[in-house]
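The values are calculated or read from the model by the stated rules, or taken from the named source; none is laboratory data. Note that this is a predicted model, so its numbers are computed, not measured. So basically every Cβ, Gly included, is an ideal-geometry build from the backbone, and we count neighbours across all protein chains shown.
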Amino acid sequence: DTGVSQDPRHKITKRGQNVTFRCDPISEHNRLYWYRQTLGQGPEFLTYFQNEAQLEKSRLLSDRFSAERPKGSFSTLEIQRTEQGDSAMYLCASSLAGLGVNEKLFFGSGTQLSVL
Amino acid sequence: AQTVTQSQPEMSVQEAETVTLSCTYDTSESDYYLFWYKQPPSRQMILVIRQEAYKQQNATENRFSVNFQKAAKSFSLKISDSQLGDAAMYFCAYRSPSGGSNYKLTFGKGTLLTVNP
């Protein structure tokens with residue numbers, strides 16, 4: 001168990017460029033979440049997968065954002081035509097469903113995106 | 001929609017002393033879960049303690065304990081015998097069971113805790 005891994009750790013891009021982040025959850029975890037954390041704020045929920053199915057999307061996730069989890073393992077989050085307001089840390093988390101109150105969420109260390 | 005408020009942007013404590021971080025929340029639900037997460041400079045969110053709203057007994061985890069006041073919608077975190085490694089951003093979070101079985105959390109803005117040697 002190596003924990004939740006996110007790549008890259010930092011990304012600097014110019015406005016208008018596309019970026020893609022990757023998240024590798026804990027291997028047996030079937031639920032995967034993306035959160036966004038801006039400076040001075042707590043994380044905000046973006047989207048959630050159970051296995052390969054994307055079951056919920058926040059209104060924060062505009063049409064420029066797309067997330068996939070093609071084989072129910074790793075996930076990617078793509079932002080098209082980046083804007084300066086997209087600058088934030090993007091956190092991935094995973095959990096194992098079916099444990100009821102004992103289900104725990106494990107977070108990665110995030111990808112810090114800076115849009116110039 | 002549920003909201004979580006942390007009214008203390010920053011707190012400081014002397015090593016070995018006790019500190020209490022405040023959190024209030026707003027909800028119309030009767031059953032829910034509350035959490036405190038720690039985010040050190042490494043940025044990884046780490047679960048500190050969890051409380052189920054249907055449990056009257058306050059949760060404790062070693063030096064960490066909560067004071068859960070359901071009627072007042074208050075959920076404070078007490079750290080006893082503070083250690084230098086406790087220095088971090090602390091987030092209070094709410095989980096609604098009514099949104100399905102997923103683990104979507106609503107976070108407060110956080111409290112930055114400094115531990116002075």
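Descriptive notes on the structure:
- Among residues of region B:95-117, those that are at pLDDT 95 or above, in contact with a Ser or Thr (Cβ under 9 Å, 6 or more places away or on another chain) and not in a strand (DSSP E or B), counted: 2
- Residue tally, condition at pLDDT 95 or above, of a type outside the set (V, I, T) and under 16 Å from B:A53 (Cα atoms), over region B:1-25: 2
- Candidates A:P25, A:P70, filtered to the one that is out of contact with any helix residue (DSSP H, G or I) (no Cβ under 9 Å at 6 or more places or on another chain) and without any contact (Cβ under 8 Å) to a residue 60 or more places away in the chain: A:P70
- Among (1) surrounded by fewer than 16 Cβ atoms within 10 Å (Cβ to Cβ); (2) facing chain A (nearest Cβ under 10 Å); (3) of a type outside the set (S, T, Y); (4) in contact (Cβ under 8 Å) with a residue 40 or more places away in the chain, the one test that B:M89 misses: (1)
- Counting only residues that are of a type in the set (S, T, N, Q), farther than 20 Å from B:R95 by Cα and modelled with pLDDT under 95, region A:67-108 holds 1 of them.
- Enumeration of residues in region B:73-94 that are under 12 Å from B:M11 (Cβ atoms) and outside any strand (DSSP E or B): B:S82, B:D86, B:A87
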